[in-house]
Amino acid sequence: MDDSLFAYDDTPPAGGEVPGAGSLGVNTHASAPLAVRMRPRTLDELVGQEQLRAPGSPLRQLVEGDQALSLLLWGPPGTGKTTIASIVSQQTDRRFVEVSAVSAGVKEVRAAIDDARRELARGGRETVLFVDEVHRFSKAQQDALLPGVENRWVTLVAATTENPFFSVISPLLSRSLLLRLESLTDDDIRKVVDHALADPRGLNGEVLLEEDAAAHLVRLAGGDARRSLTYLEAAAGGARLQAGDAKPVIDLATAETAVDVAAVRYDRQGDQHYDVISAFIKSIRGSDADAALHYLARMIEAGEDPRFIARRLVISASEDIGLADPTALQTAVAAAQAVQLIGMPEARINLSQATIALAVAPKSNAAYVAINEAQADVRAGKVGAVPPHLRDGHYAGAKKLGHAAGAPQPYIYAHDEPFGIASQQYLPDVVADAAYYRPTELGAEASVKQRWERIRAIVRGQR
């Protein structure tokens, strides 16, 4: 076993480093990555996740109340999972031990827990055991964590980017407090970047960042604070090389060169946001899969929220395709669920599949037109009374009121009729002849049209 995996140095730190932070606390030297140097040290420094930082929240109780409570942190990359683990250790003065699910096995997990138990037995400090990517642990490896969590030999802080209800064993879930972290907003990422530019731990005001370059870095970050700082550090390095003796300036060209991604003209709150998504949907409606993929790629590269794209696909599946291909809605909903489950960048493949499927599917807006026309009639006051034979008859006095069985024209139970269809009036008198749903002859809706025309004729007593 690699003893360095669980090594902990009790020597008082130099340079103001916080004791008890383990390897996360000692990586604040000048050569450490910017994302590491700028790691928040308190909950108040943490950007975003307001629901977790609110006064009286479980996380704040754990940190400020110094209570032993195991946490399961679930959220996209770069949202603060590792940072929260570090804060728990630093602000509660506990030992910090890291275990990576990528490299550690059952033996290493048990060794870490045994070491923590021995530390408690000799009157030492409690241990925070941080398990990154816990979803990669096998069932046996997760089982090995249970004694330490159940007996509170360790305060477990486990991080995962995958749905823990699918990837974490239920005994571990039930013994931990599940905290869900949300993707950071553009404003959150901008705060992270601006803080790193000014803070002495970061660039200390030595580098200027132009506005269009900042917007480019924020878009590329895609809600990932760590990625934004990595890009900023690379861009700052490029600016220093170009500046010579002058003050380094990160312009758009420098930012593009540093991260090797061209800036896509796109404003999530402005015209480009609406123009590109409009072109995307209209390309799907027009059955041009290539054009739809182009606009999908533009949105992805610009850092558009994939959940927004997925929602528009779900709408398009019913608005533009409907019963011409009933599987389109299932495909779009599955893609939306995949975006939530997998996250970016892999979910771009799911979005691509759904985009192509919807673009090549036969088209029908009959369902869209039908609900619009029905709503228009209702708004125009064409509501009318529910026909007496359709009214509720399951209460005393209903028959006397002429409802259901007591109606002048008794309700006909459709299952007792030939083909399971009864000839009777369902619509109120004011819209008795309405024909909202007018199916097309495209795709699967062609067979629906034939059946619906026969059904409507029987229902309305036309044959």
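The values are calculated or read from the model by the stated rules, or taken from the named source; none is laboratory data. Given the structure is predicted, the values throughout are model-derived calculations rather than measurements. As a convention, Cβ positions derive from the backbone with ideal geometry for all residues, glycine included, and neighbour counts pool all protein chains shown. Just so you know, the surface numbers come from the protein's heavy atoms only, side chains and all, with ligands and any DNA or RNA stripped out. Shrake-Rupley method; radii C 1.70, N 1.55, O 1.52, S 1.80 Å.
Only one of (1) open to solvent by less than 50 Å² (accessible area, probe 1.4 Å); (2) farther than 20 Å from E126 by Cα is not met by P33, so which one is it?
(1)
Identify, please: which residue in the range 343-383 is within 30 Å of G223 (Cα to Cα) and outside any helix (DSSP H, G or I) and is, among those, nearest to the chain's Cα centre (by Cα)?
Filtering the range 343-383 for residues that are within 30 Å of G223 (Cα to Cα) and outside any helix (DSSP H, G or I), the one nearest to the chain's Cα centre (by Cα) comes out as G343.
Filter the range 239-264 down to the residues that are surrounded by fewer than 19 Cβ atoms within 10 Å (Cβ to Cβ) and either among the hydrophobic types (A, V, I, L, M, F, W, C) or closer than 16 Å to H195 by Cα (or both) and list them by number.
Passing the criteria: L241, A243, A246, V249, L252, A253, V261, A262, V264.
Residue-by-condition table, conditions (1) modelled with pLDDT of 80 or more; (2) open to solvent by less than 50 Å² (accessible area, probe 1.4 Å); (3) farther than 26 Å from A324 by Cα; (4) among the β-branched types (V, I, T):
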| site | (1), (2), (3), (4) |
| --- | --- |
| V369 | yes, yes, no, yes |
| N372 | yes, no, no, no |
| P387 | yes, yes, yes, no |
| K400 | no, no, yes, no |
| Y411 | no, no, yes, no |
| D429 | yes, no, yes, no |
| D433 | yes, no, no, no |
| T440 | yes, yes, no, yes |
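Conditions (1) among the β-branched types (V, I, T); (2) open to solvent by 10 Å² or more (accessible area, probe 1.4 Å); (3) in contact with a Lys or Arg (Cβ under 7 Å, 6 or more places away or on another chain), marked per residue:
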{"position": "E45", "(1), (2), (3)": "no, yes, no"}
{"position": "R60", "(1), (2), (3)": "no, yes, yes"}
{"position": "L73", "(1), (2), (3)": "no, no, yes"}
{"position": "K107", "(1), (2), (3)": "no, yes, no"}
{"position": "A111", "(1), (2), (3)": "no, yes, no"}
{"position": "S138", "(1), (2), (3)": "no, yes, no"}
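Quick check, is T82 at pLDDT below 80 and hydroxyl-bearing (S, T, Y)?
no
Would you be able to say whether some residue in the range 75-82 is among the β-branched types (V, I, T) and part of a helix (DSSP H, G or I)?
The answer is yes; a qualifying residue exists.
So which residues in the range 105-156 are polar (S, T, N, Q) and either assigned to a helix (DSSP H, G or I) or in contact with a Pro (Cβ under 9 Å, 6 or more places away or on another chain) (or both)?
Scanning the range 105-156 gives Q141, Q142.
Would you call L296 crowded, with 20+ Cβ neighbours inside 10 Å, at pLDDT below 95 and in contact with a Ser or Thr (Cβ under 9 Å, 6 or more places away or on another chain)?
yes
So that you can scan it fast, the table gives a plain yes or no per residue for (1) open to solvent by 10 Å² or more (accessible area, probe 1.4 Å); (2) in contact (Cβ under 8 Å) with a residue 40 or more places away in the chain; (3) not in a helix (DSSP H, G or I):
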residue	(1), (2), (3)
S183	yes, yes, yes
A213	no, yes, no
L220	yes, yes, no
G223	no, yes, yes
R227	yes, yes, no
T230	yes, yes, no
A234	yes, no, no
G237	yes, no, no
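Within the range 91-126, can you find the residues that are under 16 Å from S70 (Cβ atoms), more than 29 Å from the chain's Cα centre (by Cα) and modelled with pLDDT under 85?
T92, R94, R95, F96, E126
Would you please name the residue that is most open to solvent (accessible area, probe 1.4 Å), looking only at residues in the range 283-293 that are of a type outside the set (S, T, Y) and in contact with an Asp or Glu (Cβ under 9 Å, 6 or more places away or on another chain)?
R285
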